[in-house]
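The values are calculated or read from the model by the stated rules, or taken from the named source; none is laboratory data. As the structure is a prediction and not an experimental result, all values here were calculated from the model. Glycine also receives a Cβ, built like all others from the backbone with ideal geometry; neighbour counts cover every protein chain displayed. Heads up: the accessible areas ignore ligands, DNA and RNA and are worked out on the full protein's heavy atoms, side chains in. Shrake-Rupley method; radii C 1.70, N 1.55, O 1.52, S 1.80 Å.
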Amino acid sequence: MSKGRIIKALSGFYYVEDGNNVIQCRARGKFRKDEIKPLVGDFVEYVDGYIMKLLPRKNFLIRPPICNIDQALIVSSSREPDFSSVLLDKFLLVIEHLKIEPIIVISKIDLENKDINRYIEDYRKAGYMVYEISSKDNQGINEIKAVFKNKVTVITGQSGVGKSSLLNALDINLNLETNNISKSLGRGKHTTRHVELIKMYDGYIGDTPGFSSLELDITPESLAVAYHDFEEYSQECKFRGCLHDSEPSCAVKDAVARGMVSKERYEHYLMNLQEVKKKEERKYG
Ligand SMILES: Nc1nc2c(ncn2[C@@H]2O[C@H](COP(=O)(O)OP(=O)(O)OP(=O)(O)O)[C@@H](O)[C@H]2O)c(=O)[nH]1
Ligand SMILES: [Zn+2]
């Protein structure tokens, strides 16, 4: 039995990368019977052109249908559209909850925003990696090339923030087989039959996740530990399952008071907490 990773799914075939080889495989009949569908990104055991077993998944997205994603570049523009920490904080919640490493990319830094540096400082202080780029002026692009190595990366962010422009600035055409894929990568168009990871600076890049994947379909308890720093602080909260809201002796609220967690991100957290609580009530109430 050999081991490899599915890097492409097309018309019932799975393309399994094993070292320098790519082997065209079919899924064993058993999978269909058990309603288990191999996904692009799956680590598999295969033999004689048949996938025999899927190894446990770290995470998965529904749109695009890929799994075992290592990291997400969350692109937020400095301006046009205006920088929104509300939106970025929500992206961070969803991405971190999925156990995908978030990397913040502040785009369009050629457009002036006098508040942006304060935000960047806060996110860095919280432990996030933050890149500052301008695809227009080719600033910060070389620095970003190194993050792809040995990882499966997706690029996400609101419409118009410059995701396609970033891909183009990264010389995507040199990395892609066809320009069509470049378009679909940038625009978040998804075909169900053809899913593929694209080689990108010694790593892989997946199709752009649509906003539907970014719904907060999450319990209040999971939300409370989604941010990596909240999770760490919550070890010190007095109550197990503390939601860092009105509970006494809450280490997250304490961290906010000490300036370790930005007040704004905490307030956005409370907003999202209210939202998921309401959803729960509708579901079970
Ligand atoms: N000033 C400036 N404009 C930029 C930069 N990058 C992209 N733009 C412009 O921003 C607009 C949107 O860029 P896109 O790359 O299409 O954005 P996108 O995130 O792919 O948008 P969607 O396809 O809608 O998701 C275009 O008019 C770009 O020319 C930049 O670094 N600086
Ligand atoms: Zn707490």
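Go through segment 1-49 and give me each residue that's among the β-branched types (Val, Ile, Thr) and within 27 Å of residue 202 (Cα to Cα). It would help to see each step written out before you state the result.
Step one: list which residues in segment 1-49 are among the β-branched types (Val, Ile, Thr), which gives 6-7, 16, 22-23, 36, 40, 44, 47.
The answer is 6, 7, 16, 22, 23, 40, 44, 47.
Tally up the residues in segment 244-255 that are within 7 Å of ligand 2 (Cβ to nearest atom) and under 28 Å from the mean Cα position of the chain (by Cα), please. So that I can check it myself, show each step before the final result.
From segment 244-255, those within 7 Å of ligand 2 (Cβ to nearest atom) are 244, 247, 250-253; that's our starting set.
Right, trim to under 28 Å from the mean Cα position of the chain (by Cα) and you get 244, 251-253.
Looking only at that region, the number is 4.
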Hits in segment 139-170 (condition: among the polar types (S, T, N, Q), over 15 Å from residue 198 (Cβ atoms) and within 9 Å of ligand 1 (Cβ to nearest atom)): 139, 158, 159, 165
Candidate set from segment 216-242 (those that are surrounded by 20 or more Cβ atoms within 10 Å (Cβ to Cβ) and of a type in the set (Phe, Trp, Tyr)); member that is farthest from ligand 2 (Cβ to nearest atom): 227
Qualifying residue in segment 154-175 (condition: open to solvent by less than 50 Å² (accessible area, probe 1.4 Å), part of a helix (DSSP H, G or I) and at pLDDT 95 or above): no
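Taking the residues in segment 91-132 that are among the charged types (D, E, K, R) and closer than 17 Å to residue 260 by Cα as candidates, determine which candidate is farthest from ligand 1 (Cβ to nearest atom). Working first, answer last.
Our first condition is that a residue be among the charged types (D, E, K, R); within segment 91-132, this holds for 96, 99, 101, 108, 110, 112, 114-115, 118, 121-122, 124-125, 132.
Now restrict to residues that are closer than 17 Å to residue 260 by Cα: 118, 121-122, 124-125.
On the way: 118: 20, 121: 21, 122: 22, 124: 21, 125: 25 Å.
By that ranking, first place goes to 125.
For segment 240-266, give me each residue that is among the small types (Gly, Ala, Ser) and at positive phi.
Matches in segment 240-266: 241, 249, 259.
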Matching residues, segment 66-120, being assigned to a strand (DSSP E or B) and either without any contact (Cβ under 8 Å) to a residue 24 or more places away in the chain or hydroxyl-bearing (Ser, Thr, Tyr) (or both): 76, 77, 107
Test set (1) in a helix (DSSP H, G or I); (2) open to solvent by 30 Å² or more (accessible area, probe 1.4 Å); (3) more than 17 Å from residue 95 (Cα to Cα); (4) modelled with pLDDT of 95 or more - residue 245 fails condition number: (1)
In segment 41-51, the residues that are open to solvent by 50 Å² or more (accessible area, probe 1.4 Å) and touching a residue at least 12 places away in the same chain (Cβ under 8 Å): 43, 47, 50
Residue match in segment 32-40 (condition: touching a residue at least 40 places away in the same chain (Cβ under 8 Å), open to solvent by 30 Å² or more (accessible area, probe 1.4 Å) and under 26 Å from the mean Cα position of the chain (by Cα)): no
Residues that are in contact (Cβ under 8 Å) with a residue 24 or more places away in the chain and touching a helix residue (DSSP H, G or I) at 6+ places or on another chain (Cβ under 9 Å), drawn from segment 253-274: 255, 260, 261, 262, 264, 265, 268, 269, 271, 272, 273
Residue in segment 103-117 that is closer than 21 Å to residue 146 by Cα, among the β-branched types (Val, Ile, Thr) and open to solvent by 10 Å² or more (accessible area, probe 1.4 Å) present: yes
